Amino acid sequence: MYVVLIGIVIIAIIVYLGILAYQQRIRRQVAALADKKASLLKIPLADELKLVGQLRLTGQSLEQFEQLQSDYGEITENRLPRIDDQLQELEEASRGMNLLQLRQNLTKATALVDQTDQLVQTVQSKLAELQAIDKQHRQAVHDLEQKYQGLRKTLLAKNFAFGPSIDGLEEQLSHLEDNFDTFTKLTQEGDHERASDVLGQLQSDTKQLEDLLTAIPPLYKDLTAIYPDQLTELKTGYAQLTAQHFQFGDHDIPGAIQEVTDQVKDNLATLAALRPQDAQVINDRIAKQIDVLYGLMQTEIDAKGPVEKNLDGVAKFIAHAQNQNHTLLNELNRLSQNYTLDHQELETARKLNEQLRSIDGTYQRDVQDLTGKTATYSIVLAHQEKQQKDLHQIEEQQGEILKSVAGLADEERQARETLRQFDFKLHSLRRQIENLNLPGVPQSYLDYFFVVRDEVEQLATDMDQPQIDMERITKQLLIIQTDLDTLEEKTNDLMDSAELAEQLIQYANRYQTSHDDVAQASKTAADLFENQHEYAQALETIATVLDQVEPGSYKRLEDAYYERKGRKNPKDEAAAETSKAK
């Protein structure tokens, strides 16, 4: 029981101490709210209201000021007294034990102080804005008044620089000054809300007028000084050039000058309408057209010297090319009597001749125009440049044609010599076969021999024609040379096979009585040799059986044969080539 009583006492002491601590905390918060309220009283709203009230505001600005006065009355007459009452109540309640009610009252007092602080700040800020805008507008009145005086002075002192735009510029300035008077009146009356609207438009219109004053003078100078002087110079220059018999082809320079002159006059009206951007576009176009006219005249002036300098050279070049083409045609006509010209050399030379006639015709017309003082120098110069280019190309083509036909006679002599060598070779191969006194010649060899013989005879016939086609002859020579080489190989193979077969058949006689297979092979080989004239097959038949009876005998006899002939064994050469390739 005693322990329980002690516990209750301890708990009571703790609760009591907690209440005392909470009450102390509330009192500190109340003191903080009192300090904040005191800081609000230090803000000189009354003095600021008095200063703004001296601005003699009207309109929306006055309505805003009156609302601020009302807000100030609400602060001083209602909110501040209520704050005092609530803080007094909190101070007294903080000594009691109703903690819940105490907390609620503190919350209400805190909200009232914060709201009042926010309202004070708003009133102070809007009062400052009214003072600032009043100062800004009065400064704007001073600045704009100075600016308009400067603009008016510029228009009066430099009206010559604006030309037909001066009336429109003065009208705009007058309109600006009227709007400025309205702005000044609103500012002086203190109606700053309406004055702000007028000021924005006034500043925009002023900037536009300043831009016009900057843009128009250089455009007007171009239209009244630069371009007219250039057009006058163009007219004078054209008159001087035509007096010197310069021509300008299809270009109507006087008409173009008049067209530009009209554009200059029309663009002055564009400036009078205060449209400098459009006027700038037209000015740029006028400048380009004037440059083109200068260029046309300068082109003719620059072309005259080269034209006169080129006349003699072009004439000599044409004459040289014509003489050379005449010589070429004569040579081609002569060669065409004896040779077929397969690459249209004659037709090409005739076309070149026609081209030269055309070039000479153009040259003669240009000379006539120059003599008659009706030539356009730039056109004549273009003709001369093309003529020189074409003449160089013609000269190259003439050289190529001459080169292609220059060796026909030499080619013919060489072809006839080659034909003689072919005929001699053919007879030589035939005599070699005949000298072997063979029982006969294989039909396949005879067929190939006669083909080559016919080719040689056809070549001889073609060479004996009144008009020789050397291109065809050259192709025939290449074909016959290849076929003749092949015939020579076939002849060597036939002779080697026949002689080796004959030797091996004789060599095999020593084995006929002792080897029936050798006897039978000798009989077969003899039949192939004597009756069928298949010498290679006869050689293979007897060589095979001899190598069986006497290994290596065929190779030994074959090597001895080629050694006597003074030639290498074809089989050894083939084996060496195969080994080398690997």
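Computed from the coordinates by the stated procedures, all read-outs in this text should not be read as laboratory data. What you see is a predicted model, and the numbers here were worked out from it, not measured in a lab. Ideal geometry is used to build each Cβ from the backbone, glycine not excepted, and the neighbour counts take in all protein chains shown.
Observations on the model:
- Restricting the calculation to Cα atoms, every distinct pair contributes to the Kirkwood radius of the range 421-489, found to be 13.0 Å.
- The alpha carbons of the range 315-445 give a radius of gyration and a Dmax of 27.0, 97 Å, in that order.
- Range of Cα positions in the range 280-365 per principal axis (Å), largest first: 78, 28, 15
- Estimated FRET transfer efficiency (K265, Q240; beta-carbon r; R0 22 Å; 0.05): 0.30
- Rg and Dmax [Cα atoms of the range 466-515; Å; Rg one decimal, Dmax integer]: 21.5, 71
- Difference of contour (0.36 nm per residue) and Cα-Cα distance, L446 to D167: 88.6 nm
- Divided by 2.2 N^0.38 Å, where N counts the residues, the Cα radius of gyration of the range 356-425 comes to 2.11.
- Full extension of the chain between S358 and Q258 gives 32.1 nm of extra length, using 0.36 nm per residue less the Cα-Cα distance.
- Both radii come from the Cα set of the range 406-458: Rg as radius of gyration, Rh as Kirkwood radius; their ratio Rg/Rh reads 1.15.
- Residues whose placed amide H lies under 5 Å from that of I468, excluding near-sequence neighbours: Y339, T340
- Contour excess over end-to-end distance, with Cα ends at H427 and D559 and 0.36 nm allotted per residue: 44.7 nm
- Over the range 410-555, all Cα pairs binned in 5 Å intervals from 0 give whole-percent P(r) values of 2, 9, 17, 15, 12, 10, 9, 7, 6, 5, 4, 2, 1, 0, 0, listed from short to long.
- Pairs of alpha carbons in the range 208-357 whose separation is greater than 19 Å (percent): 69 percent
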